[in-house]
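Quick notes on the structure that follows.
The values are calculated or read from the model by the stated rules, or taken from the named source; none is laboratory data. Keep in mind that this is a model prediction, so the values were computed, not measured. Every residue, glycine among them, receives a Cβ derived from its backbone with ideal geometry; neighbour counts consider all protein chains shown. The accessibility values were calculated without ligands, DNA or RNA, using every heavy atom of the protein model including side chains. Shrake-Rupley method; radii C 1.70, N 1.55, O 1.52, S 1.80 Å.
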Amino acid sequence: MISVQALRVEFGPRILFSNLSFSVQPRERIAFAGHNGAGKSTLMKCIAGIIPPSGGIISAPRGTKIGYLPQEGIHVKGRTLWQETESAFGEIMALKEKVDRLSDELVKMDPRSSPYGDLLEEIGELELKLYANDPSLMKPKIESVLKGLGFQEKDFTRDCSEFSGGWQMRIAMAKLFLQQPEILLLDEPTNHLDIETQIWVEQYLVNYPGAILLISHDRALLDTLCTRTIAFAHGRAEEYAGNFSYFERESVLRKEIQLKQFTAQQREIAESQRFIDRFRASANKATLVQSRIKLLAKVVRIPQPERDDAVMNFKFPPPPNSGHTVAKVETVAKAYGQLQIFNGFDFEINKGEKFAIVGPNGAGKSTFCRLVTAQEAPDSGKVVLGHNVSPSFFSQNHADELDPELTILETVQAVASRDAMPLVRNILGCFLFTGDDVFKKIGVLSGGERSRVALTCMLLKPANFLILDEPTNHLDMQSQGVLQRALLDYPGSVMIVSHNRDFLDTLVTKTLEFRPGEEPRLFHGNIAYYLDKKAEEKSSGTTPTRKPPATTADAEVKKETPKVESVPGVNRKDQRRQEALAREARTKILTPLEKELETLEEKIAEQEAAQATHTAALSNDDISGDAEKLRSTTNAVEKVTKTLDLAYTRWSSLTEEIEQVKAKHGL
């Protein structure tokens, strides 16, 4: 379908790639892999005809349609959503109009004339094309694609200018899907999609009738869809006959083989050179020396394997110890004008929990993060942080708050602790800022680059509760891996808003789903578990009916009156007795345990402070030089350590006891 031969692209002295050749066959799915800036998007623009290559040829059969979806920069206005997507069928509509016009002319002609036969044949050919693209199916096709991409029927008549940048990209994607070009070029198509829409797009692309060239940092999509991978690195491009995971394994194997071959050849070359140097002046060996010199000159040198880009793992600064309850959301209501986000919402986040927040755009995910971190205040209800909780919040908006006059390095150093200061350059390298890049001013950076700087600043601050709103949007695979490994080792609590399935799956143990007009729903498992449950509910038709968020009046009643639900097989008298026993359990058993836990956490915090004070005193010259003071301080450290060990043990058993009581009495 398309052929790329000896392609070369350079910008000044920098060569992105040279002598690149490959072909694309019908229905092939090819992934472009490599770090940001390696040339993936540039190659895609060359194939789309947007920028010319420096050398080489890109050819395709006449009439081949190529559709291109860029990462950003699309903005449509002056047409409704329906009108814009319907324009994807412009050629079909023009074809239909031509058939109608020719049919009107045919009626006026003599059926026995030669032109009549020619025109009838032309109409027949046009109608065959129309049959293959039945205009009567346009409306259901448009509705199916728009709804699959997350639009609702009420959106169909809205002007395109009313949609944000992410939704504008969905409009452009809808048009491409409806046009069905023979070759589809997609540059980060899932960046602005929620998980449900990602899955719909993934299935649509699996069944797409044309060829697909794909750039993405979504490993799940790449592994499911692609059967070939072209990897860009160090000015070269290499092909791999498999998906992204295959490319990762095979690239390591290729480099190992190349290193062995290079090492063996270098050893042979060195031996030949030693022979030449040793006997060069010997008349008896002159013939042999000349033979060795000629053989050495003919050797095709194996290039030394290029070293992989340095991959560094970093750890978060040690977080301060917090209480068992990290944050509690109590009957919270929040609205923006007529749009009600929450009303009577209750939720609790406990120590060490790592959970994902998912749902369609506009459902309240970012609002929830801002409420928990006090970036916004609820209209009613309250959000309370637990004992000694130190939160750290990353959102895309934080990138706009950076000082444009400072360099990247100055910005990050300003927030780094003394211990982290020597690691700042390495950590910046993990997030794609290498060499002289760190001396660029914030003001000249792109939006994605500023977001990465803001993320780096946030990760260097000691905190025991991390709230991350779309942290992987501007990270390549390598940087995502660095962040993922750091979060796996992080002992604090983590709340992540993200649609990156592969990134989330190994991290989270709970998934909180938000949907417009419904109460949030908690799933006790990772993203794979959440998706399996949703699929089971959909296939069995047992999706639970979830009531809308309570009104403010309902929330007040909820606070005053315990909720009473009928229990099948139990009469009302027995049910009241069970409810009374549950209340008694809370009053006599659970409340004292919770009070003891709260008091214990306060004592632990005091003892930890005392331990830190005594430990620091050991390095004091006045104490370390006085044997009596040193012995006294050492005893104090040992004493407080033993006290803390006992407190930690009691805290562990106490929290377990509380959970057992709650489970037993359904609290």
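Listed here are the residues, each with its yes/no results for (1) open to solvent by 10 Å² or more (accessible area, probe 1.4 Å); (2) at pLDDT below 90.
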residue: Gln480; (1), (2): yes, yes
residue: Ser493; (1), (2): no, no
residue: Asp502; (1), (2): yes, yes
residue: Thr509; (1), (2): yes, no
Query - Residue match in segment 63-82 (condition: more than 30 Å from Gly150 (Cα to Cα), modelled with pLDDT of 90 or more and of a type in the set (A, V, I, L, M)) - result: no
Requested in this report: Can you confirm whether segment 44-64 contains a residue that is in contact with a Gly (Cβ under 9 Å, 6 or more places away or on another chain) and farther than 24 Å from Leu475 by Cα?
Outcome: yes
Report task. Mind telling me which of the residues Glu656, Glu638 ends up being acidic (Asp, Glu), in a helix (DSSP H, G or I) and over 21 Å from Ser322 (Cα atoms)? Result -> Glu638
Report summary line: Conditions (1) open to solvent by 10 Å² or more (accessible area, probe 1.4 Å); (2) in contact (Cβ under 8 Å) with a residue 40 or more places away in the chain; (3) farther than 28 Å from Lys351 by Cα -> Asp469 fails only (3)
**Report entry** Those residues of segment 246-287 which are closer than 22 Å to Pro305 by Cβ and aromatic (Phe, Trp, Tyr), in sequence order
**Finding:** Tyr246, Phe247, Phe262
Report summary line: Exactly one of Thr587, Thr613 is β-branched (Val, Ile, Thr), loosely packed, with under 13 Cβ neighbours inside 10 Å and either modelled with pLDDT of 80 or more or not in a loop (DSSP other than H, G, I, E, B) (or both), and that residue is Thr587
Requested in this report: Determine, yes or no, whether Thr599 is at pLDDT 80 or above and loosely packed, with under 11 Cβ neighbours inside 10 Å.
Outcome: yes
Query - Residues satisfying the stated conditions in segment 163-195, i.e. of a type in the set (D, E, K, R), in contact with a Leu (Cβ under 9 Å, 6 or more places away or on another chain) and within 21 Å of Lys365 (Cβ to Cβ) - result: Arg170, Glu188
**Report entry** Condition met for Gly78 (outside any helix (DSSP H, G or I) and not acidic (Asp, Glu))
**Finding:** yes
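Where in segment 1-59 are there strands (runs of 3 or more DSSP E), lying fully within it, with 1 or more residues that are among the aromatic types (Phe, Trp, Tyr) and at pLDDT 90 or above?
Values: elements: 2-11, 14-24, 29-33, 55-59.
Where strands (runs of 3 or more DSSP E) fall fully within segment 1-59 and carry at least 1 residues being among the aromatic types (Phe, Trp, Tyr) and at pLDDT 90 or above, they are 29-33.
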Query raised in the report: Can you tell me which of Glu271, Glu239, Glu248 is touching a residue at least 40 places away in the same chain (Cβ under 8 Å) and among the charged types (D, E, K, R)?
Result: Glu239
**Report entry** Trp82 being under 26 Å from Pro181 (Cα atoms), touching a Phe, Trp or Tyr at 6+ places or on another chain (Cβ under 7 Å) and open to solvent by 40 Å² or more (accessible area, probe 1.4 Å)
**Finding:** yes
Requested in this report: Hey, can you tell me all the residues within segment 415-438 that are loosely packed, with under 13 Cβ neighbours inside 10 Å and free of Cβ contacts under 8 Å to residues at least 40 places away in the same chain?
Outcome: Arg418, Met421, Pro422, Gly435, Asp436
Query - Ser479 vs. criteria without any contact (Cβ under 8 Å) to a residue 60 or more places away in the chain and either within 22 Å of Pro319 (Cα to Cα) or among the hydroxyl-bearing types (Ser, Thr, Tyr) (or both) - result: yes
**Report entry** Single residue of Asp104, Asp100 found to be more than 30 Å from Thr157 (Cα to Cα) and open to solvent by 70 Å² or more (accessible area, probe 1.4 Å)
**Finding:** Asp104
Query raised in the report: Restricting to strands (runs of 3 or more DSSP E) lying wholly in segment 417-521: which have 2 or more residues that are more than 16 Å from the chain's Cα centre (by Cα) and on the phi < 0 side of the Ramachandran plot?
Result: 465-469, 510-513
Requested in this report: Count, please, the residues in segment 620-636 that happen to be of a type in the set (A, V, I, L, M) and at pLDDT 80 or above.
Outcome: 1
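Condition check ((1) in contact with a Phe, Trp or Tyr (Cβ under 9 Å, 6 or more places away or on another chain); (2) closer than 25 Å to Ile215 by Cα; (3) open to solvent by less than 60 Å² (accessible area, probe 1.4 Å); (4) touching a residue at least 40 places away in the same chain (Cβ under 8 Å)) across all residues:
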{"position": "Arg62", "(1), (2), (3), (4)": "no, no, no, no"}
{"position": "Leu69", "(1), (2), (3), (4)": "no, yes, yes, yes"}
{"position": "Lys108", "(1), (2), (3), (4)": "no, no, no, no"}
{"position": "Arg112", "(1), (2), (3), (4)": "no, no, no, no"}
{"position": "Lys141", "(1), (2), (3), (4)": "yes, no, no, no"}
{"position": "Gly148", "(1), (2), (3), (4)": "yes, yes, yes, yes"}
{"position": "Phe151", "(1), (2), (3), (4)": "yes, yes, yes, yes"}
Query raised in the report: Hey, among the residues in segment 1-13 that are open to solvent by 40 Å² or more (accessible area, probe 1.4 Å) and in contact (Cβ under 8 Å) with a residue 40 or more places away in the chain, which one's farthest from Tyr240 (Cα to Cα)?
Result: Glu10
Requested in this report: Taking Gln575 as the residue in question, decide whether it is part of a helix (DSSP H, G or I), at pLDDT below 75 and of a type in the set (S, T, N, Q).
Outcome: yes
Report task. Name the one entry in Leu137, Leu119 that is open to solvent by 80 Å² or more (accessible area, probe 1.4 Å) and either free of Cβ contacts under 8 Å to residues at least 40 places away in the same chain or over 30 Å from Arg8 (Cβ atoms) (or both). Result -> Leu137
